[in-house]
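Participant: For reference, the structure I am asking about is given below.
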Amino acid sequence: EGLIPVKSTVKPAAAARPRPSRKPPSLARKLLQLLLVQPELGAEFDMSLLDEGSEELKTLSALLGLVAASHSQPTTTVAVLERFRGTPHEALLSEVSGEILQWDVEFEVVEEFAGALEQLKKSGRQRRIESLLALSRVQGLSPEEKQELQRLLQGGSASTKSDQSTQK
């Protein structure tokens, strides 16, 4: 008696609404995330594995260049973000650093990096196979290219230009 009914202003729980599924990050974005956490992992990175193109790949290349230029000096996430302040890479690196905060405490950066590198190598091998197959349909392959294709189809790695020059 004498109580005034009050309307609830609380919205239904977020769990009741379906969340849009997020697609997994691209390989380049995943590498960016991992290298922001542990930049020193990029010290021995083979830049020939990168295929130019997307903004993420350009930023990854710039980050790897910074790590290589740092030589043996330790590089931190904060130092990386500061170094890229005011550059075209700043916004993407800032966004990626925010994504890192969502990682589980148990996240294994070194293992994830090794897996991402293996995935990158497989992707590069597949691109090279497709390139050689397309070339074979158009003009045929040289004996060296045929050997390379055979090695790639058997699961070997693509040879680099320096490998090819030492084979001749």
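Read the figures in this text as sums done on the coordinates, not as results from a lab. A quick note: this is a predicted structure, and the numbers were derived from the prediction, not measured. Quick reminder, even Gly has a Cβ in these numbers, built from the backbone with ideal geometry, and neighbours come from all protein chains shown.
Participant: Can you compute the modelled spin-label distance between GLN139 and TRP103, with each label point 7 Å from Cα toward Cβ, in nm?
Facilitator: Once both label points are built, they end up 4.5 nm from each other.
Participant: With only alpha-carbon atoms counted, please give the Rg and Dmax of region 82-142, in Å.
Facilitator: For region 82-142, the Cα radius of gyration and maximum Cα-Cα distance read 19.0, 53 Å.
Participant: Still on this structure, please answer the following. Lys and Arg at +1, Asp and Glu at -1: add these up for the other residues within a Cβ distance under 15 Å of ALA68 and post the number.
Facilitator: Summing Lys/Arg as +1 and Asp/Glu as -1 gives -2.
Participant: A follow-up question, please. Can you check what the net charge comes to around ALA91, using other residues whose Cβ is under 11 Å from the Cβ of ALA91 (Lys, Arg +1; Asp, Glu -1)?
Facilitator: Residues near ALA91 contribute -2 overall.
Participant: List the trypsin sites (Lys or Arg not before Pro) in region 22-77 that DSSP assigns to loop (not H, G, I, E or B) and whose Cβ has at most 14 other Cβ atoms within 10 Å. Which are they?
Facilitator: Loop-located and lightly packed - ARG22.
Participant: Please give the direction-averaged projected area of the C-alpha convex hull for region 24-77, in square nanometres with one decimal.
Facilitator: Mean orientational projected area (region 24-77, Cα hull): 3.6 nm².
Participant: Starting from region 20-107, pick out the GluC sites (Glu not before Pro) whose DSSP state is loop and whose Cβ has at most 12 other Cβ atoms within 10 Å.
Facilitator: Passing sites in region 20-107 are GLU52, GLU106.
Participant: Quick one: net charge of LEU36's neighbours, Cβ under 15 Å, K/R +1, D/E -1?
Facilitator: Combined, the nearby Lys, Arg, Asp and Glu give -3.
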